[in-house]
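The values are calculated or read from the model by the stated rules, or taken from the named source; none is laboratory data. Everything numeric here is computed off the predicted structure, so don't read it as measured data. Counting neighbours? That spans all protein chains shown, and the Cβs are built from the backbone with ideal geometry, glycine included.
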Amino acid sequence: MEKNNISHFKSVHNAKLFGIMPGGNEVWEYKLSGRGGMEVCFINYGAAITSLKVPTADGKKTDVVLGFDTLENYIKSYALQGAPYIGAVVGRYAGRIKGGRFRLNDNDFQLSKNHGNNTLHGGVTGFGQVLWEAELQGSSILFSYTSPDGDEGFPGELTVKVIYTVTDDNELLIEYKATTTKDTVLNLTQHSYFNLEGHSQTIEEQELFINSSKLLETNAENIPTGFILNVANCPFDFSRPKKCPYKIDTSFVLQETVLPQASLFSSATGLLMSVFTNQPSVHIYVGGSCSGKLKGKDGADYHELSGICFETQNFPDAPNHAHFPNAELKKGEEYYKYTRFKFEQIKKQDL
């Protein structure tokens, strides 16, 4: 594999060498900070968020995302059954595609299968396992990657840009842009696990709010059946804040004009994280099968309740359901999606 020449970042104050890939490519870590006190670190392996530190009322900063201390642990995590995709950008298609198949422009496409008989989060080698080009731009960092035509079975050479921006109001804005040389399908998301009490704690007492009255019904393989269910009075009704579930792997239907679309609150730290997006759903994920197998940052032992994902995205398996939001990206068009995570100190009675 050809060595990726990004050595010009060695002289940048907010960048440092994070590790070396088995093929010799360098992986770098970059830091952005805002006047509000928030600090966010990223690596160009998977365009992943490695830490997100937010000021708390005690004058300290809490790292509210899961991550690893070494590149080796990021790479090893993808070899686990039920890989966690910690902190990574997910693509080409976030979520599951039934049978790894879809039809586009009267052509059938077979994708690589990496989750039983299905394709999950882009296939065997998704965007979380590749090296991205990185460019610091003031309060933003731009990650770029070109996915070749036929990558994991997807049509078209796809050029992707992910822009992270840290604002002075303690917000993290994530913007996704993409173009393609052939009509294709695309669904990008960010797969950070959040814990407002610190990545070594548990989320079980934190309160989840989802501004949604509907979710996607799924089958035993967690593939959407095509039916959309009302959440009223069911265990997954989070239209009023309540404690995080022990396990959940569910897509909720969103409306762009109903804000915020979701939030997480910790009474222990007083931190409120609000989620804003132009995506049609948020996939909430808690649990997994990696408990006891993951050694996180600072020696933390990660488990099922270490964090919660807010995967803002299109519906899983949308290419196979005509009534789901359109997942097609046509040649000559530009894909644009965004998600904004806002952090603020608040009292519970003010919610």
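A count restricted to the stretch 222-246 and to residues that are of a type in the set (Lys, Arg) and either over 17 Å from GLU207 (Cα atoms) or surrounded by 12 or more Cβ atoms within 10 Å (Cβ to Cβ) (or both) stands at 2. The sole residue among THR257, THR269, THR312 that is free of Cβ contacts under 8 Å to residues at least 40 places away in the same chain and either among the polar types (S, T, N, Q) or surrounded by 15 or more Cβ atoms within 10 Å (Cβ to Cβ) (or both) is THR257. When ASN105, ASN118 are checked against the criterion of being within 14 Å of PRO316 (Cβ to Cβ) and of a type in the set (S, T, N, Q), a single residue qualifies: ASN118. When we screen SER274, SER281, SER212 for residues that are among the hydroxyl-bearing types (Ser, Thr, Tyr), modelled with pLDDT of 95 or more and over 25 Å from GLY67 (Cα atoms), the only hit is SER212.
What tally of residues in the stretch 272-295 results from selecting those that are farther than 25 Å from VAL258 by Cα, in contact (Cβ under 8 Å) with a residue 40 or more places away in the chain and surrounded by fewer than 21 Cβ atoms within 10 Å (Cβ to Cβ)?
Residues in the stretch 272-295 being farther than 25 Å from VAL258 by Cα, in contact (Cβ under 8 Å) with a residue 40 or more places away in the chain and surrounded by fewer than 21 Cβ atoms within 10 Å (Cβ to Cβ): 6 in total.
Looking only at the stretch 283-336, residues that are among the small types (Gly, Ala, Ser), within 20 Å of LYS76 (Cα to Cα) and more than 17 Å from the chain's Cα centre (by Cα) come to 6 in all.
Residues that are touching a Pro at 6+ places or on another chain (Cβ under 8 Å) and surrounded by 15 or more Cβ atoms within 10 Å (Cβ to Cβ) within the stretch 130-157 comprise just one, GLU157.
When residues of the stretch 324-351 are filtered for being assigned to a loop (DSSP other than H, G, I, E, B), under 19 Å from VAL282 (Cβ atoms) and either of a type in the set (Val, Ile, Thr) or at pLDDT 95 or above (or both), how many remain?
The qualifying residues number 4.
When ILE163, ILE75 are checked against the criterion of being assigned to a strand (DSSP E or B), aliphatic (A, V, I, L, M) and surrounded by fewer than 22 Cβ atoms within 10 Å (Cβ to Cβ), ILE163 stands alone in meeting it.
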